[in-house]
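A.B. asks: Below you'll find the structure I mean.
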Protein chains: 2
Amino acid sequence: MADLNDIAVFVKVAQYGSFSRAAHSLGMPVSTVSRKVTSLEEQLGVTLLQRTTRKLSLTAQGRAYFDQCSEPLAHLIDAEQALTETQKKPEGLLKISVPVILGQEIFYEFVSCFLKTYPDIQVDLFVTNLFLDLIAENIDLGIRFGELKDSSIVAQRLGKSVRYLVAAPDYLKGRALPSKPEDLREHQCVLLNGRNGDAEWHLVSGGKSVRQQVSGPVSSRDFDAVSAFTNRGHGIGLLPSTYCDDEIRRGALIRLLPDWSSEEIFVHAVYPTRRFLPARLQVFLDALKAWKSPLWLPLH
Amino acid sequence: MADLNDIAVFVKVAQYGSFSRAAHSLGMPVSTVSRKVTSLEEQLGVTLLQRTTRKLSLTAQGRAYFDQCSEPLAHLIDAEQALTETQKKPEGLLKISVPVILGQEIFYEFVSCFLKTYPDIQVDLFVTNLFLDLIAENIDLGIRFGELKDSSIVAQRLGKSVRYLVAAPDYLKGRALPSKPEDLREHQCVLLNGRNGDAEWHLVSGGKSVRQQVSGPVSSRDFDAVSAFTNRGHGIGLLPSTYCDDEIRRGALIRLLPDWSSEEIFVHAVYPTRRFLPARLQVFLDALKAWKSPLWLPLH
DNA sequence: ATTCTCTTTTGCACAAATGCAAAAATCGCT
DNA sequence: AGCGATTTTTGCATTTGTGCAAAAGAGAAT
């Protein structure tokens, strides 16, 4: 196969009818142009251009080759144009995978605002706790709570999250307050993603760390529901601080075992390792970092 | 503009879904393929392929670029294919320019034989004494008698030609034989391409050279006619040796001023400088050199 | 967990392409 | 015919790219 760059040079020379003008237009020395055309002719075994210092004319074969090559070349240039255009403007489809916890109004509101700001961007939102393979599924961005196992991805911390043990005064009425984690075994708990009414809560206090089995009458798949049931006195909930700080201040919820809390969980935005981020992803990341999310705490 | 070879490599990688298979198919090291794709991505500022050591997948932009590039690239390859095909087999149009002297049966017969040998070749024959610009007119081959002025052409000697002064016994009856070139002034001459019954003959003898004005009753545009009128006793003709040797031997013509003849004229095949001759031209040249032409003498 | 295997990337020595400057070539003009 | 102007080609030092071998990365199987 002939050198494609040489073909492009030949076509330019044929268009301009001159080595020097073609060279100027291509921004390369005339000598290079000359050699490239010569090299192309050698590779093809065909004389394409009949040249004297004054005249330049295509041979019959050169003409035929030129006719067949100029259009495909123009298309290749168009393709590049199209590509770098989309790279510049934030546009196109943005595939995002978020955990079920984010599947609620507050996040939808954020995405909605983002879409209004960038009308040329479409979002394809996957709300799932499955850890999708970003690369295989061609997903641009994932948001993940907790530890990351995936390799070949870039992670940026968006915020952190701490959960407190809380309960409504109604529930606590007539019950003994827990004084250590093991006491939770004797309480009703409002679970998140529980199985058969059971769950395991991971609690820390200073340097100490405990995994405590808990059970309770109700389990749900997002914090909105956990919050609702806890407020209604169905048991002790392990709620992100962002969900219960107000209630605690107002006295609507009581914080239990205040020395203990869930371990600090980091919220990450993850995306495939890329030397070049599409503009749509870049702007979404910026928006995400700027968002004062009620779902996590700022990092500092 | 991105490097076109890199685009071709990227397309191959996308088609095969693997760097190593693409490299094998392209006959280059995997490392080169890797670097070319990386370099293309850098030039475009876009990640085209998402790669791990186990999986390879196109990004959305990579897919779009691939779709736009693969067809034009295929066309470029086709163009090359088409070109080298025509180069291989002797076929196509052969434009030939010959002087009027060759516009006679003996040459037509030669061309006819050639055409029968190569049925895929068409010949476009220009019979003219004009020295056409081979390059501008896109003429493949010219046959020229005498000196060459044209530059930027290749000339191959086909043969040589010497003309003798001859006359029929009928004409000489009762006339004084010329003893020096100036005596021709007093004779009737059978002219070639004369103007108003006049012409200039260039004669040489050893180191001497003379230009002699002559005139006569008949002028024509080819040697067949000159030969015919000379044989019929209309005057002295200046005929190529190949036209009169037989008659001289038979006594049908008498050679005059046997120390003098026209200067030796070389017959050349000329064609535009080309590194690579089209097959049709190559075979025609070969045939021409192999032809025992009655219109010129062999070189040795 | 650890090893094995398959694929992509990187390091380094060598080969090839590049760009500047000078030379060669062609055609118009005197 | 010879000079002049313009254009293409060639020479050479430097930069750039290539190819082999080794390393790194990522799953899969033990």
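The values are calculated or read from the model by the stated rules, or taken from the named source; none is laboratory data. Keep in mind that this is a model prediction, so the values were computed, not measured. FYI the Cβ positions are ideal-geometry reconstructions off the backbone, even for glycines, and counts take in every protein chain you see. The accessibility values were calculated without ligands, DNA or RNA, using every heavy atom of the protein model including side chains. Shrake-Rupley method; radii C 1.70, N 1.55, O 1.52, S 1.80 Å.
A.B. asks: Quick one: accessible area per residue over chain A, 1.4 Å probe, rounded to a whole number of Å²? Show your work: numbers first, answer last.
C.D. replies: Values: 14620 Å² over 300 residues.
Averaged over the residues of chain A, the accessible area is 49 Å².
A.B. asks: Here's another thing I want to ask about it. What does the average come to when, for each residue of peptide B:70-76, you count the partner chain Cβ atoms lying within 10 Å of its Cβ? Write out the running numbers ahead of the final one.
C.D. replies: Details: counts 1, 4, 10, 7, 1, 7, 13.
Mean shielding by partner chains, rounded to a whole number: 6.
A.B. asks: Give the whole-number value, in cubic angstrom per residue, of the convex hull volume spanned by the C-alpha atoms of chain B.
C.D. replies: Working: hull volume 55.4 nm³, N = 300.
Enclosed volume per residue, from the Cα hull, is 185 Å³.
A.B. asks: Is the shape of the stretch A:4-88 rounded, prolate or oblate, going by the alpha carbon gyration tensor and its root eigenvalues a ≥ b ≥ c, with a/c under 1.5 for rounded and a/b larger than b/c for prolate? Before the final figure, lay out each step's value.
C.D. replies: Working: a/c = 2.21, a/b = 1.63, b/c = 1.36.
Verdict is prolate for the stretch A:4-88.
A.B. asks: With the dipole of chain B worked out from charges on the C-beta (+1 for Lys and Arg, -1 for Asp and Glu) around the Cα centre, which of B:SER220, B:LEU165, B:HIS234 lies farthest toward the positive end?
C.D. replies: B:LEU165
A.B. asks: Now for a separate question. When all C-alpha to C-alpha distances in the stretch B:56-199 are sorted into bins of 5 Å, what percent of pairs does each bin hold, rounded to whole numbers?
C.D. replies: The distribution over the stretch B:56-199 is 2, 6, 10, 11, 12, 10, 9, 8, 7, 6, 5, 4, 3, 2, 2, 1, 1, 1, 1, 0, 0, given as percents.
A.B. asks: For the pair A and B, how large is the buried accessible area, both sides, in square angstrom to the nearest 100, if the probe is 1.4 Å? Kindly include the intermediate steps, with their values, before the conclusion.
C.D. replies: Numbers: alone 16820 and 16800 Å², together 29210 Å².
What A and B bury together is about 4400 Å².
A.B. asks: Can you give the local net charge around A:GLN213? Use residues other than it whose beta-carbon is closer than 13 angstrom to its beta-carbon, Lys and Arg +1, Asp and Glu -1.
C.D. replies: Working: positive: A:ARG185, A:ARG195, A:ARG211; negative: A:GLU182, A:ASP183, A:GLU186, A:ASP198, A:GLU200.
After counting each charged neighbour, the total is -2.
A.B. asks: Using 7 Å Cα-to-Cβ label points, what is the B:LEU130/B:ARG175 separation (nm, one decimal)?
C.D. replies: Computed distance between label sites B:LEU130 and B:ARG175 equals 3.6 nm.
A.B. asks: Restricting to Cα pairs below 8 Å that are 6+ residues apart, what does the relative contact order work out to for the stretch B:163-262? Please round to a whole percent. Spell out each step's value before the answer.
C.D. replies: Numbers: 207 pairs, mean separation 44.2, N = 100.
Answer for the stretch B:163-262 is 44 percent.
A.B. asks: Going by amide H atoms built from the backbone, whose H comes under 5 Å of the H on B:THR47, apart from near neighbours?
C.D. replies: Those qualifying (amide H under 5 Å, at least 5 residues apart or on another chain) are A:PHE276.
A.B. asks: Okay, helix-only estimate at 222 nm for chain B: each DSSP H run of n ≥ 4 adds -39500 (n - 2.57), divide by all residues, round to 500 deg cm²/dmol; what do you get? Mind showing how you got there, number by number?
C.D. replies: Working: 9 runs with 113 residues, N = 300.
My calculation for chain B gives -12000 deg cm²/dmol from helical runs alone.
A.B. asks: Using the charge dipole of chain A (Lys, Arg: +1 at Cβ; Asp, Glu: -1 at Cβ; taken about the Cα centre), state which of A:LEU299, A:PHE19, A:VAL100 has its Cα farthest towards the positive end.
C.D. replies: Result: A:PHE19, furthest along the dipole toward the positive end.
A.B. asks: Other chains' Cβ within 10 Å of A:36-45 residues: what's the mean? Display every interim value, and only then the final one.
C.D. replies: On the way: counts 0, 0, 1, 0, 1, 3, 2, 2, 5, 7.
Taking the mean over all residues of the peptide, I get 2.
A.B. asks: So what's Rg/Rh here for the protein assembly as shown, counting alpha carbon atoms and using the Kirkwood radius for Rh?
C.D. replies: Numbers: Rg = 46.1 Å, Rh = 32.9 Å.
Rg/Rh for the protein assembly as shown comes to 1.40.
A.B. asks: At A:ASP133, with labels set 7 Å past Cα in the Cβ direction, how many nm apart are the copies from this one, shortest first?
C.D. replies: Computed spacing set for this position: 6.5 nm.
A.B. asks: Compare the Cα positions of A:SER39, A:ALA82, A:ASN129 along the charge dipole of the stretch A:1-156 (+1 at Cβ of Lys, Arg; -1 at Cβ of Asp, Glu; about the Cα centre) and return the one farthest towards the positive end.
C.D. replies: Working it through, the farthest residue towards the positive pole turns out to be A:SER39.
A.B. asks: Additional query: Pairs of lysines 8 or more apart, or on different chains, with alpha carbons under 19 Å: count those in chain B, would you?
C.D. replies: Eligible lysine pairs with Cα atoms under 19 Å apart amount to 13.
A.B. asks: On the protein heavy atoms, probe 1.4 angstrom, tell me the percent of accessible surface of the stretch B:139-233 carried by carbon and sulfur.
C.D. replies: On the way: 2040 of 4870 Å².
Carbon-and-sulfur percentage of accessible area, whole number: 42.
A.B. asks: In whole angstrom, and with the biggest value first, how far do the Cα coordinates of the stretch B:117-269 range along each principal axis?
C.D. replies: 57, 35, 30
A.B. asks: Continuing with this model, one more query. In the protein assembly as shown, what percentage of the DSSP-assigned beta bridges are antiparallel, given to the nearest 5?
C.D. replies: Details: 67 of 95 bridges.
Counting DSSP beta bridges with both partners in the protein assembly as shown, the antiparallel share is about 70 percent.
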